[in-house]
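One structure is given here, and the rest of the page talks about it.
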Amino acid sequence: MVILLQIWILQPFSTLFHELGHAFIAMILTKSKVVVRVGDSNATSLLLSFRLLDRFFLGFSPRNVRSGYTVFKTQGRFLHSLILLGGPLITLMLTLQAGRLLFADTLSLWEELFFVSWFCVNLLTFLRAVIPTSLKPTKSFPSGVPSDGLQIIRIWFGG
């Protein structure tokens, strides 16, 4: 029960780190404004929104925290694909790091409980991103949000 509660609590952080993975690469590879939103994109549900750098903006809503997106402008399939890979890459790194710590046998019981939850939430975030599918529909994407994997396939092969 504790692990399920921790997964629920940690989900917005996993989503945030995933989206920051996209944003970090976008900030390096483009000169465009980069907007990260975690949670429901409905303006009335927005809890926090602020500008962090000249061209980086972050918004958070407590509704639907498994959902997030990063907005940027780029030219070319290759750069766009690299930016899309940034999210799954950071999520995979967080998953592997949590797994490494769990197998190190140096953690107390409470630390293990935390890292089991952190491992699970990041693994789920990673799988949701890389499996090419449309995720749960939102107001912004009524036909379903395309996963990062599906977006990359569409960029390179159409559809």
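Overview of results
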read-out: Long-range neighbours under 7 Å by Cβ, at least six apart or interchain, first residue assigned to a helix (DSSP H, G or I) within the stretch 1-26, second β-branched (Val, Ile, Thr) and surrounded by fewer than 21 Cβ atoms within 10 Å (Cβ to Cβ); value: Ile3/Val116; Gln11/Val65; Pro12/Val65; Thr15/Val65
read-out: Ile131 vs. criteria touching a residue at least 12 places away in the same chain (Cβ under 8 Å), more than 20 Å from Leu4 (Cβ to Cβ) and surrounded by 17 or more Cβ atoms within 10 Å (Cβ to Cβ); value: no
read-out: The stretch 63-84, subset at pLDDT below 95 and among the hydroxyl-bearing types (Ser, Thr, Tyr), residue nearest to Pro12 (Cα to Cα); value: Ser67
read-out: Count of the stretch 137-159 residues which are outside any helix (DSSP H, G or I) and farther than 24 Å from Asp40 by Cα; value: 2
read-out: Candidates Phe157, Phe114, Phe119, Phe56 - the one that is over 27 Å from Ile9 (Cβ atoms) and out of contact with any Pro (no Cβ under 8 Å at 6 or more places or on another chain); value: Phe157
read-out: Hey, Thr106 more than 20 Å from Met27 (Cβ to Cβ), free of Cβ contacts under 8 Å to residues at least 40 places away in the same chain and either in contact with a helix residue (DSSP H, G or I) (Cβ under 6 Å, 6 or more places away or on another chain) or not basic (Lys, Arg) (or both) or not; value: yes
read-out: Flag for Thr95 being farther than 20 Å from Pro146 by Cα, surrounded by 15 or more Cβ atoms within 10 Å (Cβ to Cβ) and touching a Ser or Thr at 6+ places or on another chain (Cβ under 7 Å); value: no
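Quick grid of which residues meet (1) surrounded by fewer than 20 Cβ atoms within 10 Å (Cβ to Cβ); (2) of a type in the set (Ser, Thr, Tyr):
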residue	(1), (2)
Phe13	yes, no
Leu20	no, no
Ile25	no, no
Arg63	yes, no
Thr70	no, yes
Thr74	yes, yes
Gly87	no, no
Thr91	no, yes
Leu102	yes, no
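The values are calculated or read from the model by the stated rules, or taken from the named source; none is laboratory data. Note that the coordinates shown come from a computational prediction; the quantities given were computed from them, not determined experimentally. Reconstructed Cβ throughout: ideal geometry from the backbone, glycine too, with neighbour counts over all protein chains shown.
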